[in-house]
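Input: a single structure, listed below in structure tokens.
The values are calculated or read from the model by the stated rules, or taken from the named source; none is laboratory data. All of these numbers come straight from a predicted model, not from anything done at the bench. A quick note on method: Cβ atoms are made from the backbone with ideal geometry, for glycine too, and the neighbour counts reach across all protein chains shown.
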Amino acid sequence: MGKVIVVTSGKGGVGKTTSTAALGAALAQRNEKVVVVDFDVGLRNLDLVMGAERRVVYDLVNVIQGDAKLTQALIRDKRIENLFLLPASQTRDKDNLTPEGVEWVINELKRYFDWVICDSPAGIERGATLAMRHADVAVVVTNPEVSSVRDSDRIIGLLDSKTVKAERGERMEKHLLLTRFDQNRAARGDMLKVEDVLEILSIPLLGIIPESMDVLKASNIGAPVTIADAKSAPAQAYFEAARRLAGEDIPVTMPEEKRGLFGKIFSRRAA
Amino acid sequence: MTKVQTDSRSIRIKGRSFLAVVLTPELPLDQWLERLDDLAARSAGFFLGRPVVLDVTDLQIDRQQLGEFLAHLAERNVRIMGIEGARHSMIAPGMPPVLKGGRPAGDVDVASVEPVAIAVQPAVSDSGDLQTEPQATVLQAPRSALQSLVINEPVRSGQSIIFTEGDVTIVGSVASGAEVIAGGSVHVYGTLRGRAMAGSVGNSQARIFCRKLEAELIAIDGIYKMAEDLPTDLLGQPVQVWLEGDAIVAGKVN
Ligand SMILES: Nc1ncnc2c1ncn2[C@@H]1O[C@H](COP(=O)(O)OP(=O)(O)O)[C@@H](O)[C@H]1O
Ligand SMILES: [Mg+2]
């Protein structure tokens, strides 16, 4: 049985969709079967980041309503053959997602894929709670700023109460993915420090993804950054996070300033 | 130590908890009602003046059936103060409020025979949004005089821990946008960023302790202080807060 991951955050625009695509492609490059599922019904995005927007025929809502078979809705990636996308509907709204329908789809996907990665919509409403409901593992995407951290904290509370795992009295495995980390702003002290975010959220760190033009370039050509430019700093950080998700025990590397102006943030800021 | 006066006419907001009788009806409902009548006949006035909560968690009935059932109970002078475990679709306007977060407090022995399953639990004192309550802290034993609740994880934004029976100890931080309401004292072995209310059922001896004070609001026995009223030299410090008369006093603990 595959593992179900929810990529969630509470706040919008923090990098959930970017991370879902990048982690999915990174895990698929380890020769594991991966499907990324877009739960952002009405505001779908994952198809664009995956470069599959023109290949969407059926979507998650069609499958749930029985208008299409699951296999008809799955889109195979053109670059990595064991990477698939289950797109969201752009025209319907999230009320079309029923709890029973979502449960059925996730259980089916778990039978065929090693990883089922669910891209959650922003907010704490139905769409977000349905996306997390059947997860085994949560990747909590957070930017180093107060509002994002507080929203993530709220989401962690929901992960611990509103999921099937929580209702069974089990612990949901949660990881913090700190994204859009800007070295220059960090050096100026304009952002929360990594230690502070970790102290507030107190869940283990999966990785730190630098703010980078490479992410925008990748999404403009319709490719996850881990496919578009595997050598780039954000891609490297996502590869590292994917290894950690797969169970490898490796230290988290701090994103480095390209020109070496500041060196490692941690050593510079060590008290 | 810093001493700060508050307006002596502060508004007091308190929680209160009552021990409620919980009825867990089973299908078929008419037979269950017969057994209830039998019980009532043998222990007259058992339900009189008691808060009764209806637990419908495992009951497969719809809104109309629930409405009729409530009417049958009303005929028997069983007044329902709240409904637990109901799906939203079951609740019609005018029905008793939906309760969450009740804690078991032992079974009630009624006339030694138990034709109807009855359990007693402290009723929640507010909307009952008690989201975090680790299994280990669920009270199984009947209430004793002094109780404490220990939460071994951080209290997250949006969560409220409400425990009017005694002290609450959080081994972790209380997030901004989270709240802890205790009948006794509140102990936070971490940073207190959210709200803490101690002595919430009228206990001026209760105190608040935290390893690091960054609270949004603190209150003891209904007298409160907002973040901006807290002495700045105590921010980020290990602090205890107590009441002297009607004034909240805070000082460093070392
Ligand atoms: N590491 C990054 N560096 C630069 N831009 C980023 C980074 N991560 C995300 N973005 C950009 O931020 C915006 C929001 O990202 P997205 O993944 O859609 O967030 P969400 O799904 O959480 O709403 C997008 O324009 C995306 O390209
Ligand atoms: Mg998104």
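Which residue is nearest to A:ALA52 (Cα to Cα), if the candidates are limited to segment A:219-252 and must be over 16 Å from the mean Cα position of the chain (by Cα) and either crowded, with 20+ Cβ neighbours inside 10 Å or away from ligand 1 (no atom under 16 Å from the Cβ) (or both)?
Going through segment A:219-252, the residues over 16 Å from the mean Cα position of the chain (by Cα) turn out to be A:220-222, A:228-233, A:247-252.
Narrowing further to those that are either crowded, with 20+ Cβ neighbours inside 10 Å or away from ligand 1 (no atom under 16 Å from the Cβ) (or both): A:228, A:233, A:247-251.
On the way: A:ALA228: 14, A:ALA233: 24, A:GLY247: 29, A:GLU248: 31, A:ASP249: 33, A:ILE250: 33, A:PRO251: 34 Å.
The selected residue is A:ALA228.
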Would you pick out the residues in segment B:193-204 that are in contact (Cβ under 8 Å) with a residue 24 or more places away in the chain and not small (Gly, Ala, Ser)? B:ARG195, B:MET197, B:VAL201
Give the residues of segment B:25-39 that are under 18 Å from B:ILE61 (Cα atoms) and either in contact with a Pro (Cβ under 6 Å, 6 or more places away or on another chain) or at pLDDT below 85 (or both), sorted by residue number. B:TRP32
Please go through segment A:50-62 and pick out each residue that is surrounded by 22 or more Cβ atoms within 10 Å (Cβ to Cβ) and more than 16 Å from ligand 2 (Cβ to nearest atom). A:VAL61
Filter segment B:214-254 down to residues that are surrounded by 13 or more Cβ atoms within 10 Å (Cβ to Cβ) and within 18 Å of B:GLY202 (Cβ to Cβ), then give me how many there are. 13
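Which residue is nearest to ligand 2 (Cβ to nearest atom), if the candidates are limited to segment A:209-231 and must be β-branched (Val, Ile, Thr) and in contact with a Pro (Cβ under 6 Å, 6 or more places away or on another chain)? Before the answer, list the steps.
Looking only at segment A:209-231, we keep the residues that are β-branched (Val, Ile, Thr), and these are A:209, A:215, A:221, A:225-227.
This time we only want the ones that are in contact with a Pro (Cβ under 6 Å, 6 or more places away or on another chain), so: A:209, A:215, A:225.
Details: A:ILE209: 15, A:VAL215: 13, A:VAL225: 15 Å.
Looking at residues that are β-branched (Val, Ile, Thr) and in contact with a Pro (Cβ under 6 Å, 6 or more places away or on another chain), I get A:VAL215.
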For B:GLY199, only one of the following conditions fails: (1) crowded, with 21+ Cβ neighbours inside 10 Å; (2) over 26 Å from A:ILE156 (Cα atoms); (3) touching a Phe, Trp or Tyr at 6+ places or on another chain (Cβ under 7 Å). What is its number? (3)
For residues in segment A:144-167 being over 22 Å from A:LEU245 (Cβ atoms) and more than 9 Å from every other protein chain (Cβ to nearest Cβ), which is surrounded by the most Cβ atoms within 10 Å (Cβ to Cβ)? A:GLU145
Within segment A:79-113, work out how many residues are part of a helix (DSSP H, G or I) and modelled with pLDDT of 90 or more. 14
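Could you tell me whether segment A:179-190 includes any residue that is within 11 Å of another protein chain (Cβ to nearest Cβ), within 27 Å of A:PHE239 (Cβ to Cβ) and at pLDDT 95 or above? Talk me through it step by step, then tell me what you get.
We begin by selecting, within segment A:179-190, every residue within 11 Å of another protein chain (Cβ to nearest Cβ); these are none.
No: segment A:179-190 contains no residue that is within 11 Å of another protein chain (Cβ to nearest Cβ), within 27 Å of A:PHE239 (Cβ to Cβ) and at pLDDT 95 or above.
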For a quick check of your reading of the model, give me the residue pairs whose first member lies in segment A:68-81 and is surrounded by fewer than 18 Cβ atoms within 10 Å (Cβ to Cβ), whose second is of a type outside the set (D, E, K, R) and in a loop (DSSP other than H, G, I, E, B), with beta-carbon atoms closer than 6 Å and at least 6 apart or on different chains. A:ALA68/A:TYR58; A:GLN72/A:TYR58
Index of the failed condition, A:ASP40 passing every other in (1) within 14 Å of ligand 1 (Cβ to nearest atom); (2) modelled with pLDDT of 95 or more: (2)
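Hey, can you tell me all the residues within segment A:196-205 that are away from chain B (no Cβ under 12 Å) and farther than 15 Å from A:PRO255 by Cβ?
A:PRO204, the sole residue that qualifies.
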Taking segment B:164-186 and keeping only residues that are modelled with pLDDT of 95 or more, surrounded by 24 or more Cβ atoms within 10 Å (Cβ to Cβ) and in a strand (DSSP E or B), one is left with B:VAL168, B:ILE170, B:VAL174, B:VAL186
Suppose we keep only residues that are near ligand 1 (Cβ under 6 Å from one of its atoms) and crowded, with 24+ Cβ neighbours inside 10 Å within segment A:3-14. Which one would you say is farthest from the other protein chains (Cβ to nearest Cβ)? A:VAL14
Here is a list of conditions, (1) within 19 Å of A:ALA246 (Cβ to Cβ); (2) out of contact with any helix residue (DSSP H, G or I) (no Cβ under 6 Å at 6 or more places or on another chain); (3) among the aliphatic types (A, V, I, L, M), and A:LEU48 meets all of them except one; can you say which number that is? (1)
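Could you list all residues from segment A:182-224 that are assigned to a helix (DSSP H, G or I) and in contact with a strand residue (DSSP E or B) (Cβ under 9 Å, 6 or more places away or on another chain)?
Residues of segment A:182-224 that are assigned to a helix (DSSP H, G or I), as a first pass: A:183-188, A:194-201, A:213-220.
A:GLN183, A:VAL194, A:VAL197, A:LEU198, A:GLU199, A:ILE200, A:LEU201, A:VAL215 - these are the residues of segment A:182-224 that are assigned to a helix (DSSP H, G or I) and in contact with a strand residue (DSSP E or B) (Cβ under 9 Å, 6 or more places away or on another chain).
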Of the residues in segment B:145-160, those that are within 11 Å of chain A (Cβ to nearest Cβ) and either among the small types (Gly, Ala, Ser) or part of a strand (DSSP E or B) (or both) number 4
Checked segment A:168-194 for anything among the β-branched types (Val, Ile, Thr) and either surrounded by fewer than 17 Cβ atoms within 10 Å (Cβ to Cβ) or within 16 Å of ligand 2 (Cβ to nearest atom) (or both); matches are A:THR179
Taking into account only those residues within segment A:111-143 that are of a type in the set (Val, Ile, Thr) and within 20 Å of A:LYS3 (Cα to Cα), which is farthest from the other protein chains (Cβ to nearest Cβ)? A:VAL116
Residue list for segment A:9-49, filter: in a strand (DSSP E or B) and within 9 Å of ligand 2 (Cβ to nearest atom): A:ASP38
